[in-house]
Structure formats: C-alpha cells, structure tokens
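Some notes on the structure that comes next.
The values are calculated or read from the model by the stated rules, or taken from the named source; none is laboratory data. All of these numbers come straight from a predicted model, not from anything done at the bench. Cβ atoms come from the backbone with ideal geometry, glycine included; neighbour counts cover every protein chain shown. For the accessible areas, the whole protein counts, side chains as well, though only heavy atoms, and no ligand, DNA or RNA atoms are used. Shrake-Rupley method; radii C 1.70, N 1.55, O 1.52, S 1.80 Å.
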Amino acid sequence: MVRGSDIILILVAIIFPPLAAIMITGCGCDTLINVLLTLLGYIPGHLHAFWLIYKKTKAEESFGPGGYTYLGNGNFVGNGPGVAGAPPPPHGHQQQPYYGSTQ
C-alpha cells in the first residue's frame, strides 16, 4: 500500500535521486552509489532510487511502518518477533558493522 510519504519520496526521486536515497538509507554507501549513478546518467540514478523506494515499501508491508531496520544494500529486517505479522529475523542475521562509513 502506497502511503503519502512514499509519494513524496517518488517526487523527490524524480527531481533529485540522491536526496531520495539519503532520505531512505541515510548518508552511506547507497547514497554514494546513487550519486555516482546519477553522474553517469540521470536514468541509472532514478532506477536505483526507485529500487530503494520499492524495497522500503516491501519492508513496510512485511514489518509495518517503522517496524524494520535498514541493513544496507537494499536489505531490511524486522525489529523483532513483536511486530504484528512479521516473521522473526533469520538466525545470525544482524546489522552489518560500519556499513557505508569510514570507521
């Protein structure tokens, strides 16, 4: 189900794809990838931003609004078995340390 925030993300992605990537993933590796794709050609940056929006929408459908954590590389995981209708996260599946940062 598309929410108002998703429509805003789509409009932002049409105007400036890296900003949409920042809004979804924060300042990290996916943002750098989106900036580079946008510099290589405007369409690849759009495709990457729309892919991130799609993955975020699927995570919201699976885990509920705000019931997920972004792991990086387009992967989302639920915040635990307490989320309504969400399966527990796979065994050993935890956030990647320092994904997209310099630490």
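Give me the pairs, please: first residue somewhere in the range 36-49 and surrounded by 11 or more Cβ atoms within 10 Å (Cβ to Cβ), second residue anywhere and among the hydroxyl-bearing types (Ser, Thr, Tyr) and part of a helix (DSSP H, G or I), beta-carbon distance under 6 Å, and either six or more positions apart or on two chains.
GLY45/THR38
Please find, within the range 20-35, the residue that is most open to solvent (accessible area, probe 1.4 Å) out of those that are over 17 Å from ILE10 (Cα atoms) and part of a loop (DSSP other than H, G, I, E, B).
CYS27
Take the conditions hydroxyl-bearing (Ser, Thr, Tyr) and at pLDDT below 75 and apply them to SER62. Does it pass?
Working: hydroxyl-bearing (Ser, Thr, Tyr): yes; at pLDDT below 75: no.
No; evaluated as a whole, the condition is false for this residue.
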